[in-house]
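Reviewing the structure listed below.
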Amino acid sequence: MPSYCSPNHQEIYDKTQTCYTKAQLILIAKQYNKYAKKKIKLNTSKKELLKDLHNRLQTHEAKWHQHHFMNNVNEEEKDSLIESFKPEKPKEWNVNERQWLNTYDILEVMEQYEDKYPSFKFLGVFPIDFEHKVNGKHCVSPVMCNFDLKSLLKRKITQCGAVLNLDYHYQSGSHWVCLYIGLVPHNPNFGCYYIDSGASKAPSEVVTFFKKIKSQIVDHYSKEDSDKFKFRENKKQFQFKNTECGMFSMYFLIQFLKQRSFKTIINSKINDDGAFKLRDEYYLTS
């Protein structure tokens, strides 16, 4: 059963049944003690501290940062508390549980996986014309226009990914797909991978982007290594309904991060209902 913690705090939960570090619990307890007549004992075990806070606050620990006594905590500390948990389920899902994911919904999840995997850079969520120059000057998505292999490797980034919408930047959005790029030859998934849950072929914009990266790969690595950097895409269709393309796209990227091979990923048995159930795994739904 998945916990409610962010991916980066899952191990903490597995050991202590809380998403918080002890330092975070002490921070919350100190703030509580400023207003309480009966103080929480700070010099105790994490288990006892957690138990005492639960008994006093009587709310889900993901909500503890919202208590009035936390109002004076600085923004950085409060953000750290919030980011210990998965992103909250969007309110719109209370009306329509299969609500289509928007850009922000996807960013919130993938940025947490970026924290979990330091070698991974989530490039962002972009329209399919991500390299288009508006009025011939400004790139729709500068991160993609300015993609630089050497700069990424210098920062010890060895893999990156993006979620793309097949609509242009001036359209409302139609379908989410994902792009994963393994940047180093020792990565089993060295190469550029495009997965569309609907199994449509990669648009020309994606192929052009691959060619740009390939030229940088050729300049940086030996011919033997650079020849291994290829473009691959799925032929199997996973999605047959119309709501879970965003969930499929995140799922595929996360499988790459877990070092699943492309062959394993594209042969997985995930379907629309399985992708829908992942909403409970990727978001705080209770």
Checking LEU101 against (1) surrounded by fewer than 13 Cβ atoms within 10 Å (Cβ to Cβ); (2) in the same structural domain as ILE157 (by TED's automatic domain parsing); (3) in a loop (DSSP other than H, G, I, E, B), the condition it does not meet: (1)
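Of the residues GLY198, GLY191, GLY274, only one is closer than 22 Å to SER141 by Cα, small (Gly, Ala, Ser) and either surrounded by 14 or more Cβ atoms within 10 Å (Cβ to Cβ) or in contact with a strand residue (DSSP E or B) (Cβ under 6 Å, 6 or more places away or on another chain) (or both); which?
Values: GLY198 fails: closer than 22 Å to SER141 by Cα; GLY274 fails: closer than 22 Å to SER141 by Cα.
So the residue among GLY198, GLY191, GLY274 that is closer than 22 Å to SER141 by Cα, small (Gly, Ala, Ser) and either surrounded by 14 or more Cβ atoms within 10 Å (Cβ to Cβ) or in contact with a strand residue (DSSP E or B) (Cβ under 6 Å, 6 or more places away or on another chain) (or both) is GLY191.
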Pairs with Cβ under 9 Å, 6+ apart, first in segment 187-208 and under 17 Å from SER119 (Cα atoms) and among the aromatic types (Phe, Trp, Tyr), second modelled with pLDDT under 95 and in a strand (DSSP E or B): none
Filtered residues of segment 238-259 (kept if over 15 Å from LEU101 (Cα atoms) and surrounded by fewer than 16 Cβ atoms within 10 Å (Cβ to Cβ)): PHE240, LYS258, GLN259
LEU153, sole failed condition from (1) in contact (Cβ under 8 Å) with a residue 60 or more places away in the chain; (2) hydrophobic (A, V, I, L, M, F, W, C); (3) crowded, with 18+ Cβ neighbours inside 10 Å: (3)
Test for LEU81: is it closer than 25 Å to SER204 by Cβ and aliphatic (A, V, I, L, M): no
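The values are calculated or read from the model by the stated rules, or taken from the named source; none is laboratory data. What you see is a predicted model; the values in this text were computed from it and never measured. Cβ atoms come from the backbone with ideal geometry, glycine included; neighbour counts cover every protein chain shown.
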